[in-house]
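The block underneath contains the structure these notes are about, expressed in structure tokens.
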Protein chains: 2
Amino acid sequence: MFSWFDGRAKRVEIIPRLTTRGERPSTTKVDIKDLTPELLPFLGQSAYFELGVFESLARAVLIAPNLAAKQALSTAAGRALSKHQGLVAEIRRRGAEPADVMAPFVPALDAFRAEITGADWTELLLSCYLAGGLLDDFFIRLSDGLPGEVGPRVAHLLGEDAGAAILATQLAAAIAADAPLASHLALWGRRLVGDTLLIARSALAFAGTTDQAGVVTVAGPAEERIEPVFTELIAAHTRRMDGLGLTA
Amino acid sequence: MFSWFDGRAKRVEIIPRLTTRGERPSTTKVDIKDLTPELLPFLGQSAYFELGVFESLARAVLIAPNLAAKQALSTAAGRALSKHQGLVAEIRRRGAEPADVMAPFVPALDAFRAEITGADWTELLLSCYLAGGLLDDFFIRLSDGLPGEVGPRVAHLLGEDAGAAILATQLAAAIAADAPLASHLALWGRRLVGDTLLIARSALAFAGTTDQAGVVTVAGPAEERIEPVFTELIAAHTRRMDGLGLTA
């Protein structure tokens with residue numbers, strides 16, 4: 001259990017006090033434009049994240065339990081790859097070398113991916129579904145603060161179908177065939193969300209301090225503006241869990 | 001060492017008597033239309049082959065030694081996936097279920113892929129480059145015999161850039177950085193070609209018999225027509241090996 005915001009700000013316990021299930025968050029859009037990082041770091045982090053989603057889905061293809069699942073998941077892997085390629089094209093358009101721009105984000109994102117790879121195919125799929133969904137949403141929100149026309153272009157790219165329906169279908173079938181799997185995957189999903197939100201938080205253009213217990217303290221007014229964004233992200237996460245019949 | 005054709009037909013030793021290096025084969029096109037299998041089996045085998053190339057390249061992405069290689073190879077993996085998806089679309093267009101149509105080819109192609117996976121990244125890359133190149137060429141030749149407009153459409157799809165230049169660049173860099181690798185990979189390439197040609201042969205719409213030593217005997221005039229096609233495939237293979245400075 002940890003919190004994102006501490007000190008004078010309200011303490012938000014991400015786990016386990018998510019949101020009330022089924023309740024849609026307020027539609028008032030919080031302005032977090034000034035928390036968007038510089039363009040190239042934004043592109044580098046999101047591009048490397050999508051490459052990681054591709055790699056995770058490719059691994060899911062390799063270990064798929066049957067040919068129909070393998071075939072369907074290859075489509076989802078292709079969607080993640082398209083997002084990566086679109087972001088890489090934006091990097092190249094600015095005369096930068098994609099590998100150089102992505103490099104600073106490799107250690108944290110590789111560690112994250114190792115954390116969420118899971119012990120088997122269903123854990124891996126759930127990770128791709130939940131982390132992919134949450135971070136696509138998050139990067140789309142952040143893209144509001146990008147300069148010029150690149151923001152809408154990136155939002156469009158990241159908003160394209162990520163094959164989420166394919167992943168949800170495969171997961172639902174696996175859960176239907178093995179009832180005890182639901183409580184196991186519910187635990188896994190609750191574990192995932194903390195690591196995933198830490199990645200989201202690391203993308204923000206302000207520095208907080210993290211103590212040894214993982215409690216992030218942010219001074220100033222930024223945390224008050226970002227908090228509703230995280231609430232939205234968690235609400236969407238809860239809806240994904242609910243859709244699979246998993247208790248978030 | 002084995003031969004494709006035996007008995008009354010001329011014995012063609014595929015290994016090691018390939019072709020004279022650098023010599024282009026005759027441009028006279030051999031007509032093998034009546035050796036093309038039925039449409040759905042053709043699509044099933046080629047679609048599952050391309051899915052396998054995608055999986056092999058995805059594995060190469062996962063174990064790539066650096067980020068630039070990982071990024072470049074993901075593009076090549078995407079090309080193989082596009083070919084698979086295009087072939088799957090042709091299967092669906094005919095109201096068939098892709099997994100059902102691919103299923104008969106799973107055992108042989110999985111065994112083939114296990115054979116050519118190799119012990120490390122460079123062996124895996126060379127397998128993708130050589131087997132992918134040879135079998136794309138072969139399926140394009142076979143597509144001549146498909147009915148209606150599907151033949152040209154499939155030929156166009158399989159003829160699209162498979163990312164071969166990306167693979168060749170990565171392999172050339174690995175060889176340049178490690179001189180003894182060339183003779184090791186030359187051996188691996190010579191080993192690969194036999195298994196790859198067996199897969200090609202299995203796609204043909206005639207039955208031969210294979211004895212315990214792997215000698216395939218085909219009765220009748222078919223072998224005389226198909227022989228020049230294999231000679232062309234081997235010549236192209238030799239040019240790929242030559243391009244990397246590997247002795248075929």
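The values are calculated or read from the model by the stated rules, or taken from the named source; none is laboratory data. Everything numeric here is computed off the predicted structure, so don't read it as measured data. Because the Cβ atoms are built from the backbone with ideal geometry, glycine has one as well, and the counts that use them run over all protein chains shown. In case anyone asks, the SASA skips ligands and DNA or RNA and just uses the protein heavy atoms, side chains included. Shrake-Rupley method; radii C 1.70, N 1.55, O 1.52, S 1.80 Å.
Worth pointing out:
- Accessible surface, per residue, of region B:127-208 when the full set of protein chains is kept, probe 1.4 Å, Å²: 39 Å²
- Under the Karplus curve 6.51 cos²θ - 1.76 cosθ + 1.60, θ = phi - 60°, whole-Hz ³J(HN,Hα) for region B:116-133, x wherever Gly or Pro sits: 9, 4, x, 9, 7, 4, 5, 5, 4, 4, 5, 4, 4, 5, 7, 5, x, x
- Label spacing, shortest first and in nm, from B:Ala103 to its equivalents in the remaining copies (7 angstrom along Cα→Cβ): 5.0
- Filtered trypsin sites (Lys or Arg not before Pro), region A:28-74: DSSP coil and at most 11 other beta carbons within 10 Å: A:Lys29
- Accessible area buried between chains B and A, both sides summed, probe 1.4 Å, in Å² to nearest 100: 1900 Å²
- Total charge dipole magnitude, region A:33-184, about the Cα centre, Cβ charges on Lys, Arg, Asp, Glu only, Debye to nearest 20: 300 debye
- Gained length - B:Asp110 relative to B:Ala89, 0.36 nm times residue gap less alpha-carbon distance: 5.4 nm
- Largest-first ordering by accessible area, 1.4 Å probe, given options B:Asp34, B:Asp242: B:Asp34, B:Asp242
- Cross-link pairs beyond the 29 Å C-alpha cut-off, checked among B:Lys33/B:Lys83; A:Lys83/B:Lys83; A:Lys33/B:Lys70; A:Lys33/A:Lys83: A:Lys33/B:Lys70
- Region B:37-194 - percent of accessible surface contributed by carbon and sulfur, probe 1.4 Å: 59 percent
- Label point distance in nm, A:Ala179-B:Ala119, each placed 7 Å from Cα along Cα→Cβ: 5.1 nm
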